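S.K.: Once you've had a glance at the structure underneath, I'll fire off some questions.
Each reported figure results from applying straightforward, stated rules to the coordinates on display, with no laboratory input. These figures come from a predicted structure and were not determined experimentally. FYI the Cβ positions are ideal-geometry reconstructions off the backbone, even for glycines, and counts take in every protein chain you see.
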6 protein chains.
Amino acid sequence: MKTRLLDTWAAGRAAVNGWLAVPSPVTAELTARADLDSVTVDLQHGLIDYQCALTMLQAMSASGVTPLARAPWLDPGLIMKLLDAGALGIVCPMINTPEDAENLVRYTRYAPRGVRSFGPTRAAFAYGAQYWTRANESVVTLAMIETAEALENLDAIVSTPDLSGVYIGPSDLSLSMGRTPKLDHDDPTVLAAIERIRDSAHRAGIRAGIHCLSPSYAKSMIDAGFDLVTVGSDLRIYVAALDEAIAAARG
Amino acid sequence: MKTRLLDTWAAGRAAVNGWLAVPSPVTAELTARADLDSVTVDLQHGLIDYQCALTMLQAMSASGVTPLARAPWLDPGLIMKLLDAGALGIVCPMINTPEDAENLVRYTRYAPRGVRSFGPTRAAFAYGAQYWTRANESVVTLAMIETAEALENLDAIVSTPDLSGVYIGPSDLSLSMGRTPKLDHDDPTVLAAIERIRDSAHRAGIRAGIHCLSPSYAKSMIDAGFDLVTVGSDLRIYVAALDEAIAAARG
Amino acid sequence: MKTRLLDTWAAGRAAVNGWLAVPSPVTAELTARADLDSVTVDLQHGLIDYQCALTMLQAMSASGVTPLARAPWLDPGLIMKLLDAGALGIVCPMINTPEDAENLVRYTRYAPRGVRSFGPTRAAFAYGAQYWTRANESVVTLAMIETAEALENLDAIVSTPDLSGVYIGPSDLSLSMGRTPKLDHDDPTVLAAIERIRDSAHRAGIRAGIHCLSPSYAKSMIDAGFDLVTVGSDLRIYVAALDEAIAAARG
Amino acid sequence: MKTRLLDTWAAGRAAVNGWLAVPSPVTAELTARADLDSVTVDLQHGLIDYQCALTMLQAMSASGVTPLARAPWLDPGLIMKLLDAGALGIVCPMINTPEDAENLVRYTRYAPRGVRSFGPTRAAFAYGAQYWTRANESVVTLAMIETAEALENLDAIVSTPDLSGVYIGPSDLSLSMGRTPKLDHDDPTVLAAIERIRDSAHRAGIRAGIHCLSPSYAKSMIDAGFDLVTVGSDLRIYVAALDEAIAAARG
Amino acid sequence: MKTRLLDTWAAGRAAVNGWLAVPSPVTAELTARADLDSVTVDLQHGLIDYQCALTMLQAMSASGVTPLARAPWLDPGLIMKLLDAGALGIVCPMINTPEDAENLVRYTRYAPRGVRSFGPTRAAFAYGAQYWTRANESVVTLAMIETAEALENLDAIVSTPDLSGVYIGPSDLSLSMGRTPKLDHDDPTVLAAIERIRDSAHRAGIRAGIHCLSPSYAKSMIDAGFDLVTVGSDLRIYVAALDEAIAAARG
Amino acid sequence: MKTRLLDTWAAGRAAVNGWLAVPSPVTAELTARADLDSVTVDLQHGLIDYQCALTMLQAMSASGVTPLARAPWLDPGLIMKLLDAGALGIVCPMINTPEDAENLVRYTRYAPRGVRSFGPTRAAFAYGAQYWTRANESVVTLAMIETAEALENLDAIVSTPDLSGVYIGPSDLSLSMGRTPKLDHDDPTVLAAIERIRDSAHRAGIRAGIHCLSPSYAKSMIDAGFDLVTVGSDLRIYVAALDEAIAAARG
């Protein structure tokens, strides 16, 4: 099953990823119709639960964008529900050990590779009855590396068979390293960790993605070799633009 | 009952108004917490119905902003429900005759001035049990002037007793005049109509508001004497900022 | 089609009616399981729209209570939707003229008596495929008498063929008569109007109902010959009991 | 703007239309992905309100099917909201006079032909920024002929300029003629009326559609020259198949 | 507490079970009103989350059918919430070990047998204040046997005290055995496993259920001694019937 | 970050806590506007899931009350989502061991004390951008002591560093001790356990709260030294008052 995200990577380009924290199929459809390679429905820090995520995945379906979902935790029931609902990839927070990474892969793969339960309800009518034969190779798994513990286990995590890549959450990573939790970090220690994660992933032959806030920082991460960059969330982009508009209107 | 909108006007300043087209209490709360004097929940062209509008009005309550609602039509049942839900003003589309304007006033005023039915359910617990004694003077009514017919009846419409003001919808107004329907118009004929509406309202001693898109146009309308300007909608502000962010990230 | 409300009246007893202003199938189910003859979903001053009302009517179905709905206005589209959703009666506000009353009857009756459109979707599966043959006689129509204009037209309104009864909204009625809008009124002028409405309805051979707040007032209205009394709304009952509980706990 | 429905008609074929009465984007997406030319979201007898209809229109967007909506009544505010939400046609019940038909056309057309208010929020992002320039010619309007009064005014109704066609509701039509209200009627008087409506529409150069229940009756209506046939509703199709499955399983 | 499901079994008959994958109280109520012994709300592969399941359980309450729920995973918090919401049985996927089965029993039983937390909110008002005294004996627990690991542990699983029965998921079972994942399997190896599970359950004195697709297969499973058969899901039944209707209408 | 709950405790007074089991932002707003120190959204036995809890937390924001949430289980993903949504405290059921208590603290604290993931989406816009710097000290954690196992581990549980307090669930506690599960218990054995828990908490320097039903029992628990008492739930308070009102109206 071809997806825009996999095509982008196959063509040697970095993917630009959108991020949905607002629980609404309207903002989801709007975002999906922009020029993005993938869009992630965030069920962790986003204000979104499964039932709303389902309507968002439906609303994104008319665009060619690849829908991903961030799970709130390494929870097999919910991860499998998100895949059945049509997510073509899972971003999973707090992957701190090789066992965590192996479980992420198992929860998202049908037997014999994994333990994903069979019943791809919406995926089957959205992607065709043969979805299941291609699901294991099409569904992307991105392990979030965002703690000191994960850094210690980094090389083992990235070596997990069938893991698609890592995704860096700079806020948690920096907080875990004793720094101010924020995106677009320029602290040398944090930057060094970011680079180390990227390089470790690339050495293992998997992808490296990173959560960014400003477009210029996102661009610099593409230039630095990242395979996927997120440009803010719907919520942050909107609030920043709104505040700017109000200030300009007030003069 | 004091409201930020009425205070702003009493202080001789123009109000900056936010606009909600996304059906979500999350974008509503975010918008209400920005530096706006009023925020309008748009039930006409916004993708919002009553039940969702209620949750949006609740979510806006913690901020000091004045909540308004645009009704889809001059419909007494829905207009009264929106006021009971806590809207402190109604923007009503397609007010084309003095009878339309008089009905708008009557639907939003308790007897003896009007026919608003008594039962201010949420308004009473949000604004206090004495809400009803001050509702007639606190609730703002803005009649949209947006057709050729309304222009013909302009002076009669603005003379409607207890009407708070007019609100210009430049898209419908320009379409009705045979021009391209758009906001931030610079067509001289349309501009002349806009100025004529503003002046007619001011001569009648009522407020003049206008729907704008860009902050700079909104500012110019403040400078031109308008009492209320809207700075885009949540949906338009977000999409514009998102497209810009993606383009910048892609370089 | 037998209903508890019609049975109660046939047995010569007054009906005790519950009132739902909270938009939730949970409070609806709870209320329906109490010892009430009918329960009204209030789409006028209640914070409830059609889609939520549907789930409330579904949740009330397991109890034997007769479900009614108050429409926000004399709106044929919505009134017919509420009947199709399973409401077995309509309380309609602001019936001020015999024409209003005749329209209320027509909107709720199938041809040849009325113009109700055929398609009793949920009613047919909740009450059986033969629902339509008995709907005209089973569906109750209660015209709200609550303005000075309605008082002037009272005898003509109650004479409307096939109207089931009148329902008094004391708040609007008193406001319309220049008194403080409230329930459980003891102002002699308002009381005289209430009695006049009751007597006019009874002379015309139809039912008289009234919206009450305190149980003791409701009981006195039963004793005074009313055929249906409402005991507060879910919202008012809850808030009063909550405030009392908090005060008692604080000592 | 090309649509599958208009293409089907342009190719000289009859359209097969799906019908949604269940308030769910899941059944909407499932139905839209079947081999239908158009799918109608029924806000009249269907158990569906605006906010849910919006999510259904979003969920149907990925398929090539043409989305229509049946309004609950000839209500300009709601009809315009449905078009802004992406419906590409309106089926309107109870069109009994030429004035009704003319209003239906006016509510669905931008100036100068009509009075549709400008603000095609979702339509603009689903169909492109130039949607408005082609909306008047792309949006289909189907007037329901379903009462004795409409039959009397038939030739005048079908002559309404820019009306796309008529849609026969056999239940209301037969009830209005003193017959049992049902679909797939074989009563000669009702059949004669159905044929008269079809012929009158065709003489006026507009389309004729009819609501059917069984596929074989629908096929016979195609053979009889109808331009659009509806094959049951989601609700009726499901219940019939479910009952059949249970009976077969029980043996 | 008597339930239709337990009565059916007590009478020596097999239960026919409905299956809900569409997140809607409308399809739930429709299904519950059919001639089924039990209906399962599927929160695993069904597109349904807790909040929607609650409204579905409420809508099913008026029928005499026994409501069950399939949990997405062996998750105590959600399983207990479903019971509090009125489900009278839990189908739990991926019970692979005796420890899993024992946990399933413990999560669904009050002390001293289990660890179910006390607070049967909706169950208490739907089934009466004495619900809790009979809950342990009335609530059904069905362990899904659907992996090779479960087959290995079969006899130990079925021996779990107080387990009501097993439920076979043929898709996962066949996938786990290296066969094509599908329902209504006729592969001899898969059939042998199905028979082995049934016999092991019966030897342990508990019930055996199986998920079927076609009614004829379901009937053959009843004939083969199964105690409960599921006849497709709402979603599959609808799509199959819709496709058939469209094909027939097109001729 | 000051909260009303912490202020109340700092002033040496007991907190009176409201309890929400009805899934509605309307009852939440009503409750929050009463004279309570804190209000708990109950996601365990309450009929409430995350998405609805979010709208409830938004609706409570305008009042000065401190919003808490009871998690359905010791589930890190959901607990963190509730904090991000604006809950300023977590009541967690079934804390039976010191490990459980330590995990509760860790899930609700940012590094280095805990493992709460960073991304306080709504909390940041509701409480300000600096929320995260004060979250660890402001967020309250209440461990429910409600089993025999927890009683055995009591002193170890209350000694968990940074745990704010314990919360007694008398129903589960009494059931676990072989008594009838109910609130406002007067069984000496249960009362002795309640006192023992209170004293153990106080010796450890942390708070003791208890779930009560009647206001008089709640008052007696305040007098007995408890730091927080809950006065019934919205659902129980409403049903009791409704039943009383109906009985009084019927005479």
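S.K.: Look at the axis of the rotation that sends chain C onto chain A, then give the chain C residue with the nearest Cβ and the distance in whole Å.
M.R.: For the rotation taking chain C to chain A, the closest Cβ gives C:GLN51, 7.
S.K.: Among C:MET94, A:MET1, C:MET144, which comes first, second and so on when ranked by fewest other beta-carbon atoms within 10 Å?
M.R.: Listed from fewest to most nearby Cβ atoms, that is A:MET1, C:MET94, C:MET144.
S.K.: Still on this structure, please answer the following. So who's got an amide H within less than 5 Å of the one on D:SER164, skipping anything under 5 residues away but keeping other chains? H placed 1.01 Å off N, in plane.
M.R.: D:THR141
S.K.: Sum up the charges of everything whose Cβ sits under 15 Å from the Cβ of C:ARG250, counting Lys and Arg as +1 and Asp and Glu as -1, but leave C:ARG250 out.
M.R.: So the environment of C:ARG250 carries a net charge of -3.
S.K.: At a 10 angstrom cut-off on C-beta neighbours, averaged per residue, how do the peptides F:172-180, B:182-190, A:21-29 rank from highest to lowest? It would help to have the intermediate numbers written out before the result.
M.R.: Working: F:172-180: 20.2, B:182-190: 15.2, A:21-29: 26.7.
So the peptides F:172-180, B:182-190, A:21-29, ranked by packing, come out A:21-29, F:172-180, B:182-190.
S.K.: Which values, in whole Å and largest first, are the semi-axes of the equivalent ellipsoid of segment E:170-250 obtained as the square root of 5 times each eigenvalue of the Cα gyration tensor?
M.R.: Working: eigenvalues 155, 46, 18 Å².
Listed largest to smallest, the semi-axes of segment E:170-250 are 28, 15, 10 Å.
S.K.: Given only helices, namely DSSP H runs of n ≥ 4 each adding -39500 (n - 2.57), what is the per-residue ellipticity at 222 nm of chain B, to the nearest 500 deg cm²/dmol?
M.R.: Calculated at 222 nm, the ellipticity per residue is -13500 deg cm²/dmol.
S.K.: Any chance you could get the radius of gyration and Dmax over the Cα atoms of segment F:4-250, in Å?
M.R.: In order Rg, Dmax, the Cα atoms of segment F:4-250 give 17.3, 62 Å.
S.K.: From other protein chains only, count the Cβ atoms within 10 Å of every residue's Cβ in A:29-36, then give the mean.
M.R.: That works out to 5 on average.
S.K.: Highest mean first, how do B:38-51, C:111-124 rank when packing is the count of other Cβ atoms within 10 Å averaged over residues?
M.R.: B:38-51, C:111-124
S.K.: Which whole-number percent is the relative contact order of segment F:1-118 (Cα, under 8 Å, 6+ apart)?
M.R.: 20
S.K.: Over chain E, what is the relative contact order in percent, taking alpha-carbon pairs closer than 8 angstrom and at least six residues apart? Please list the in-between numbers first.
M.R.: Working: 503 pairs, mean separation 43.6, N = 251.
Relative contact order for chain E comes out at 17 percent.
S.K.: How many angstrom separate the Cα center of segment D:151-184 from the Cα center of segment B:108-132?
M.R.: Comparing the Cα centres of segment D:151-184 and segment B:108-132, I get a distance of 44 Å.
S.K.: Report, as an integer, the average count of C-beta atoms from other chains found within 10 Å of each Cβ along B:75-87.
M.R.: Per residue, the average neighbour count from other chains is 4.
S.K.: What are the extents of the Cα atoms of the protein assembly as shown along their three principal axes, listed from largest to smallest and rounded to whole Å?
M.R.: Result for the protein assembly as shown: principal-axis Cα extents of 76, 76, 74 Å.
S.K.: Right, something else. log₁₀ I(q)/I(0) of segment E:81-168 at q = 0.19, 0.22, 0.23, 0.24 Å⁻¹, via Debye over equal Cα point scatterers, no solvent, to two decimals?
M.R.: The Debye formula, applied to the Cα set alone, gives -0.78, -0.97, -1.03, -1.09.
S.K.: Give me log10 I(q)/I(0) at q = 0.21, 0.22, 0.25 Å⁻¹ for segment F:9-86, Debye formula, one equal scatterer per alpha-carbon, no solvent.
M.R.: Log10 I(q)/I(0), no solvent term: -0.87, -0.94, -1.15.
S.K.: Then there is this: Can you list, shortest first and in nm, the gaps between the label point of B:LYS2 and those of its counterparts in the other copies, using a point 7 Å from Cα in the C-beta direction?
M.R.: In ascending order, 2.1, 6.3, 6.3, 6.5, 6.8 nm.
S.K.: Shielding of F:109-121 by partners, i.e. mean partner chain Cβ atoms within 10 Å per residue?
M.R.: Counting other chains' Cβ atoms within 10 Å and averaging over F:109-121 gives 6.
S.K.: Excluding same-chain residues fewer than 8 positions from D:LYS182, which lysines have a Cα within less than 27 Å of its Cα?
M.R.: C:LYS2, C:LYS81, D:LYS219
S.K.: Just the C-alpha atoms of segment C:111-251: what Rg/Rh do they give, with Rh taken as the Kirkwood radius?
M.R.: 1.08
S.K.: Tell me the net charge near B:LEU47. Cut-off is 12 Å between Cβ atoms, B:LEU47 excluded, with +1 for each Lys or Arg and -1 for each Asp or Glu.
M.R.: Local net charge: -3.
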